[in-house]
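What follows is a short report on a single structure.
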Amino acid sequence: MDDKDIRILAIESSCDETAAAVMRNGREVCSNVIFSQIELHKLYGGVVPEIASRKHIEKVNQVIREALNDADCSLEDIDAIAVTYGPGLVGALLVGVAEAKAIAYATGKPLVGVHHIEGHIAANYIENKDLEPPFMCLVVSGGHTHLVKVIDYDAFEIIGRTRDDAAGEAFDKVARAIGLGYPGGPKIDALAKEGNKEAIPFPRAKVDGSEFDFSFSGLKSAVLNYLNQCEMKKIEVNRADVAASFQYAVIDVLTTHAICATKEAGMNKLAIAGGVASNSSLRESVRKACEKEGISFYHPSPIYCTDNAVMIGAAGYYSYIKGVSHGLDLNAVPNLKIGERL
């Protein structure tokens with residue numbers, strides 16, 4: 001290996017995936033290991049924090065060993081340890097942070113704390129070798145819906161955010177209401193392909209005075225009211241139509257806001273990130289809108305949209321080369337704001 005290469009061992013444990021990866025120079029994936037707890041949490045219809053934390057403890061050493069083996073390197077070959085320290089579930093975060101601190105202490109390697117959402121944004125760098133800031137990024141996940149102006153690799157400005165439910169959260173709640181179960185996003189995406197997206201005119205919310213903010217609680221309530229009315233009137237519900245119409249309402253708002261924000265900022269590059277960015281209809285909607293407006297569109301492969309350590313390694317690399325490191329007093333910050341630094 002070239003002596004100038006920088007290898008980052010990255011750890012991610014913010015929710016229900018225990019993940020480790022080795023990244024070279026921020027954009028080359030040497031290994032990517034993810035242990036998903038989805039099957040375990042399906043029993044409960046969502047993530048149970050205590051169970052997630054225990055499972056992280058069981059699996060974290062295993063995924064790190066596997067990541068190092070897959071990358072054909074040892075801890076001696078690693079230049080720094082990157083770890084998600086927020087936002088997320090506090091118990092889950094603590095497992096990854098404690099592990100990263102232990103490795104950093106034992107090896108004498110630098111420790112780099114990474115913001116989870118900034119990691120999602122950095123996922124776009126992995127396969128899009130030409131993508132560099134500045135650009136606009138639509139971050140859509142179970143807990144976050146943000147429009148972020150990416151000014152530099154470590155400089156961000158939030159242009160819009162959700163005022164209530166995040167898009168992914170709305171997907172999960174509607175999926176549960178129509179009997180699809182957990183996780184809701186992929187199941188609604190699949191069922192929507194069988195339905196008519198214009199069958200039910202669900203509302204698109206606008207936030208007064210904040211044209212780029214989002215609100216999905218009213219849409220969620222509209223779906224629940226529609227289902228209740230059908231039940232009271234003994235009308236058979238076409239679940240595919242409900243899924244398609246709901247998804248269309250969400251994607252319409254996400255796409256419109258993202259395009260308008262990109263144009264208003266005078267930018268010509270738009271990226272998407274986060275778990276919901278793997279939704280096939282959202283990707284197609286944004287792609288078509290960008291094509292129409294002459295905006296370059298970027299997105300990660302689905303495997304890098306959901307939680308993974310590769311994105312943490314990418315973000316960690318850009319922090320590391322700018323001299324960012326943390327002490328062994330690094331702690332989990334479950335409500336960490338984007339752009340916030342310790």
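Looking at Lys220, Lys149, Lys187 in this structure, which one is farther than 21 Å from Gly45 by Cα and of a type outside the set (A, V, I, L, M, F, W, C)?
Numbers: Lys220 fails: farther than 21 Å from Gly45 by Cα; Lys187 fails: farther than 21 Å from Gly45 by Cα.
Answer to the selection: Lys149.
Considering only segment 294-317, state which residues are in a helix (DSSP H, G or I) and touching a strand residue (DSSP E or B) at 6+ places or on another chain (Cβ under 9 Å).
From segment 294-317, those in a helix (DSSP H, G or I) are 302-305, 310-317; that's our starting set.
Those that are in a helix (DSSP H, G or I) and touching a strand residue (DSSP E or B) at 6+ places or on another chain (Cβ under 9 Å): Ile303, Tyr304, Cys305, Val310, Met311, Ile312, Gly313, Ala314, Ala315, Gly316, Tyr317.
What do you reckon, is Lys149 touching an Asp or Glu at 6+ places or on another chain (Cβ under 8 Å), within 18 Å of Ala258 (Cα to Cα) and at pLDDT 95 or above?
Working: touching an Asp or Glu at 6+ places or on another chain (Cβ under 8 Å): yes; within 18 Å of Ala258 (Cα to Cα): yes; at pLDDT 95 or above: yes.
So Lys149 passes the test.
When you look at Gly323, is it at positive phi and touching a residue at least 60 places away in the same chain (Cβ under 8 Å), yes or no? Let's see the steps before the verdict.
On the way: at positive phi: yes; touching a residue at least 60 places away in the same chain (Cβ under 8 Å): no.
Answer is no for this residue.
Residue by residue through segment 159-191, note down the ones that are in contact with a Lys or Arg (Cβ under 8 Å, 6 or more places away or on another chain) and not in a loop (DSSP other than H, G, I, E, B).
Ile159, Ala170, Lys173, Val174, Ala175, Gly184, Leu191
Within the bounds of segment 20-34, is there any residue that is farther than 30 Å from Val174 by Cβ, outside any strand (DSSP E or B), touching a strand residue (DSSP E or B) at 6+ places or on another chain (Cβ under 9 Å) and charged (D, E, K, R)?
No, that holds for no residue.
Touching a Gly at 6+ places or on another chain (Cβ under 7 Å), within 13 Å of Gly327 (Cα to Cα) and of a type outside the set (Val, Ile, Thr): which single residue out of Tyr85, Tyr105, Tyr125 fits that description? Please lay out each step first, then the result.
Values: Tyr105 fails: touching a Gly at 6+ places or on another chain (Cβ under 7 Å); Tyr125 fails: within 13 Å of Gly327 (Cα to Cα).
Answer to the selection: Tyr85.
Which of (1) within 15 Å of the chain's Cα centre (by Cα); (2) over 22 Å from Asp307 (Cβ atoms); (3) not hydrophobic (A, V, I, L, M, F, W, C) does Arg163 not meet, given it meets every other one?
(1)
The values are calculated or read from the model by the stated rules, or taken from the named source; none is laboratory data. Only a predicted model underlies this, so the values are computations on that prediction, with no experimental measurement involved. Using ideal geometry, Cβ is built from the backbone for each residue, glycine included, and neighbour counts are taken over all protein chains shown.
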